[in-house]
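The values are calculated or read from the model by the stated rules, or taken from the named source; none is laboratory data. Being a predicted model, the structure only gives us computed values, none of them experimental. When we count neighbours, we look across all protein chains shown, and the Cβ atoms used for this are built from the backbone with ideal geometry, even at glycine. Only protein heavy atoms, including side chains, enter the accessible area calculation; ligands, DNA and RNA are left aside. Shrake-Rupley method; radii C 1.70, N 1.55, O 1.52, S 1.80 Å.
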Amino acid sequence: MNIKANDPSLKSWIEVPANSDFPIQNIPFGIFSVANNRKRVGTIIGDTVIDLAELEVLGYLEGLDVDTWAYESDSLNLLMDAHKEGTRELRNRISEIFEANNASLRDNKEHSEIVLHPASTVTMHMPVEIGDYTDFYSSREHATNVGTMFRDPNNALLPNWLHIPVGYHGRSSSVIISGTDIKRPIGQTKPNDDEGPVFGPSRLVDFELEMGFITYDANKLGDRVSTDEAEDYIFGMCLFNDWSARDIQKWEYVPLGPFLAKNFASHVSPWIVTLDALQPFAIEGPKQDPEVFDYLKYMGKKNYDIELGVFIQPENGEETRVSTSNFKYMYWNMSQQLAHHTVNGCNVRAGDLMGSGTISGPTPDSYGSMLEISWKGTKPVKMNDGSERKFIQDNDTVIMRGHCSNGEVRIGFGEVTGKVLPADK
Ligand code: MN
């Protein structure tokens, strides 16, 4: 597949700092506002946010198969109605407009002042109006660690795990934009095996290092999506912190699975990086043994090499890196997840969010949750300020960052941050 906007030799007339997540080869999509103006669709090159609604009004986006209302919308859902072909052409057009030798906007001072904003002056908003949110559990290392801690080290993976991309239906109402503070959740826990449950603030608040993918309209009820076509229905990806209250989870999850331990908040990063932009970083996934059912078999490279980091920042303190992982460790890839999700005829719609599940690598420094990093609280993590963490404390901010690089191009996701305030009294 040859996508013009991915050409590594392209340069932009907009300045791109070294190591920027947003070179002209990225062109992610997001929703922003500036001053008192309404929310609208934007993209970013370097540290400059580009107003696509104004770009359309000024005539630079003519002839594309995108509804002009889509750019003035307060979510990317209308844009996704243009399907893969439409958003690919839009990305190619944006690439042309900002390519170093294209003078049309570059030399039009009046227009460029309307269209361009320093990133530091804009407010980012939820990029997508999420219809349904599904969370998978697709990292073998994570599932093995959790199974080892809570069940049996010799049978850490449940019998279904190597056959099914296990998942559950989450809740979209509490999926929120990076930077939104959350409160420590309150609920029922059972700290001691030989005593009854207690009620109060969770003591074991944890992050889950995940990535999310956002879908286009995929299938009608009763139809299904094959692994061959699955990527045609994936718009793009974001960083995803799926907050979890481990003590609430442990007491409530039998027999129906995650509930209040998971749905108090999940943070998404503001820029949706298109699957198109990630194509240069597609790689082989882990070998799957036992052999999977035919509907889960796939051709080609369906995993992605995305370096991930998690940092904890205490109030007024400096960040400490607590994890270095990679999306490439996923055992089940996104195409398999989408094929499995729809194999029973369940319909997937534009703006649905699919979480990868916690992304843990093979070594302790690559684990994707404090549950694993501190091994259920038995191995506290030393912070740069001398304090220790087993789980997340009040007023801690958790920051996740991710990017791909191949020596030619760096495609990044920016970051997703979230601060945990004390529980309500
Ligand atoms: Mn999760």
Those residues of segment 199-221 which are more than 16 Å from the ligand (Cβ to nearest atom) and aromatic (Phe, Trp, Tyr) amount to 199, 216
Screening 287, 328, 301 for residues that are touching an Asp or Glu at 6+ places or on another chain (Cβ under 9 Å), in a loop (DSSP other than H, G, I, E, B) and among the basic types (Lys, Arg) leaves only 301
The residue from 198, 225 that alone is open to solvent by 20 Å² or more (accessible area, probe 1.4 Å) and of a type in the set (Val, Ile, Thr) is 198
query: Somewhere in segment 170-184, is a residue away from the ligand (no atom under 16 Å from the Cβ), acidic (Asp, Glu) and either open to solvent by less than 50 Å² (accessible area, probe 1.4 Å) or assigned by TED's automatic domain parsing to the domain that holds residue 333 (or both)?
result: yes
The number of residues in segment 142-167 that are open to solvent by 50 Å² or more (accessible area, probe 1.4 Å) and either within 16 Å of the ligand (Cβ to nearest atom) or under 17 Å from the mean Cα position of the chain (by Cα) (or both) is 1
Against the definition (open to solvent by 60 Å² or more (accessible area, probe 1.4 Å) and outside the structural domain of residue 264 (by TED's automatic domain parsing)), how does residue 118 come out, yes or no?
yes
Of the candidates 132, 107, the one satisfying the condition of being acidic (Asp, Glu), out of contact with any Pro (no Cβ under 9 Å at 6 or more places or on another chain), at pLDDT 95 or above and within 16 Å of the ligand (Cβ to nearest atom) is 132
In segment 381-410, residues that are assigned to a loop (DSSP other than H, G, I, E, B) and open to solvent by less than 60 Å² (accessible area, probe 1.4 Å) total 8
From the option list 342, 320, 358, 378, single residue qualifying as of a type in the set (Ser, Thr, Tyr) and open to solvent by 60 Å² or more (accessible area, probe 1.4 Å) is 378
Residue hits (segment 176-221; more than 22 Å from residue 334 (Cβ to Cβ), hydrophobic (A, V, I, L, M, F, W, C) and in a loop (DSSP other than H, G, I, E, B)) are 204
Residue hits (segment 2-41; of a type in the set (A, V, I, L, M) and on the phi < 0 side of the Ramachandran plot) are 3, 5, 10, 14, 16, 18, 24, 31, 34, 41
### Query
Given the structure, is residue 216 in contact (Cβ under 8 Å) with a residue 40 or more places away in the chain, more than 26 Å from residue 424 (Cα to Cα), open to solvent by 20 Å² or more (accessible area, probe 1.4 Å) and in contact with a strand residue (DSSP E or B) (Cβ under 7 Å, 6 or more places away or on another chain)?
no
- prompt: Within segment 90-102, can one find any residue that is touching a residue at least 24 places away in the same chain (Cβ under 8 Å), assigned to a helix (DSSP H, G or I) and under 21 Å from the mean Cα position of the chain (by Cα)?
  reply: yes
Within segment 250-282, the count of residues that are farther than 23 Å from residue 303 by Cβ and of a type in the set (Val, Ile, Thr) comes to 1
Among residues of segment 255-271 being open to solvent by less than 10 Å² (accessible area, probe 1.4 Å) and in a loop (DSSP other than H, G, I, E, B), the residue farthest from the ligand (Cβ to nearest atom) is 269
Within segment 222-250, of all residues that are more than 15 Å from the ligand (Cβ to nearest atom) and part of a loop (DSSP other than H, G, I, E, B), the one nearest to residue 90 (Cα to Cα) is 229
Taking segment 287-306 and the residues there that are open to solvent by 20 Å² or more (accessible area, probe 1.4 Å) and touching a strand residue (DSSP E or B) at 6+ places or on another chain (Cβ under 8 Å), the one that is nearest to residue 164 (Cα to Cα) would be 302
Here the residues within segment 352-380 that are part of a loop (DSSP other than H, G, I, E, B), under 18 Å from the mean Cα position of the chain (by Cα) and either away from the ligand (no atom under 16 Å from the Cβ) or aromatic (Phe, Trp, Tyr) (or both) are 361, 367
